[in-house]
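Here is the structure we will look at.
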Amino acid sequence: MTRILHFIDSISAWMGKTFAWCIVILTFSTCYEVFVRYVLGSPTVWAFDMTVQMYGALFMISGAYALSQDAHVRGDVLYRLWPRRVQASVDLVLYILFLAPGAMALIYYGYGFAADSWFYKEVSWSSPSRIQIYFFKTLIPISGLLVLLQGIAEAVRCVVCIKTGEWPARLHDVQETETMLMHEKEDLQSLESQQ
């Protein structure tokens, strides 16, 4: 089971890290636009569209990556004080009630949007550059599929935690300091309770 969970985590991580390069493109295009607009007095017609598309692509695809790293925003004022089985039970209910229907809606409706966009070879109507946007609309159902797949992995983790009282291991990546300290405290408490 751990191998399957880590495989799904690795798909989410690979996609997240690949699309993280959108930040570099976004940064360079913004810096270029600022330079040519304010220093050379010759603004581009494409820079705004480029930044919107790069940010949108990054936002859509990074959802599954954030879920795989347990990095989504959570009101953890009470959550972190609950026993692990209670945490897992609450998470499981929320995945079933909210994450799964939302991801399925992204897949279903996003596919329709993307198919229509490809059929019409849709371009941006809000800018003079008229860039093609059907490539980017394809990311809507893809992101829904990635989030649903990662959500299934998270639901399986919840079921395992409810049965065993321990969260299954994740593929680890960069974490915030607060998260690392919280996990160290949990590990220390587990060691103390075992002794």
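No lab work stands behind these numbers, since they all come straight from the coordinates. Keep in mind that this is a model prediction, so the values were computed, not measured. Positions of Cβ are backbone-derived with ideal geometry, glycine not excepted, and every protein chain shown enters the neighbour counts.
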Legend entry - Simple label model, 7 Å out from Cα along Cβ direction - Thr44 to Ala105, nm: 3.5 nm
Inset, instruction - Mind sorting out which of [x] 53, 34, 33; [y] 70, 40, 29; [z] 58, 43, 27 is the real Cα extents along the principal axes in Å computed from the coordinates? - result: [y]
Inset, instruction - May I ask you to derive the relative contact order of the chain, considering only C-alpha pairs under 8 Å and at least 6 residues apart, and to give it as an integer percent? - result: 28 percent
Legend entry - Under 13 Å, Cβ to Cβ, from Ser193 - net charge with Lys/Arg +1 and Asp/Glu -1: -2
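Compute, for the stretch 26-97, the length of the dipole vector about the Cα centre, with Cβ point charges of +1 (Lys, Arg) and -1 (Asp, Glu) only. Units Debye, rounded to 20. Provide the component values of the computation, followed by the final result.
Working: 5 positive and 5 negative charges, 58 e Å.
Value, rounded to 20: 280 debye.
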Legend entry - Between 0 and 90°, nearest 10: helix 84-94 axis offset from the chain longest Cα axis: 40 degrees
Inset, instruction - Please state the charge dipole magnitude for the chain, taken about the Cα centre, from unit charges on C-beta atoms (+1 on K and R, -1 on D and E), reported in debye and rounded to the nearest 20. - result: 420 debye
Inset, instruction - Could you pull out the chymotrypsin sites (Phe, Trp or Tyr not before Pro) across the stretch 1-107 that fall in loop regions by DSSP (anything but H, G, I, E, B) with no more than 13 other Cβ atoms inside 10 Å? - result: none
Inset, instruction - Round to the nearest 10 and give me the degree value, 0 to 90, for the angle of helix 21-38's Cα axis relative to the longest principal axis of the chain. - result: 40 degrees
Legend entry - Cα-based helix-to-principal-axis angle, 2-19 vs the chain, degrees rounded to 10: 30 degrees
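Around Ser127, under 14 Å between beta carbons, what's the net of Lys plus Arg minus Asp minus Glu among the other residues?
Numbers: positive: Arg130; negative: Glu33, Asp49, Glu122.
It works out to a net charge of -2.
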Inset, instruction - Could you tally the net charge around Val159, taking each other residue with its Cβ under 15 Å from the Cβ of Val159, Lys/Arg +1 and Asp/Glu -1? - result: +1
Inset, instruction - Tell me what the chain gives for mean residue ellipticity at 222 nm when only DSSP H runs of n ≥ 4 count, each as -39,500 (n - 2.57), the sum divided by the residue total, rounded to 500 deg cm²/dmol. - result: -24000 deg cm²/dmol
Inset, instruction - Give me the lysines in straight-line cross-link reach of Lys137: C-alpha distance below 27 Å, same-chain residues under 8 apart excluded. - result: Lys17, Lys121
Inset, instruction - Could I have the simple spin-label model distance between His172 and Gln189, label points 7 Å from Cα toward Cβ, reported in nm to one decimal? - result: 1.9 nm
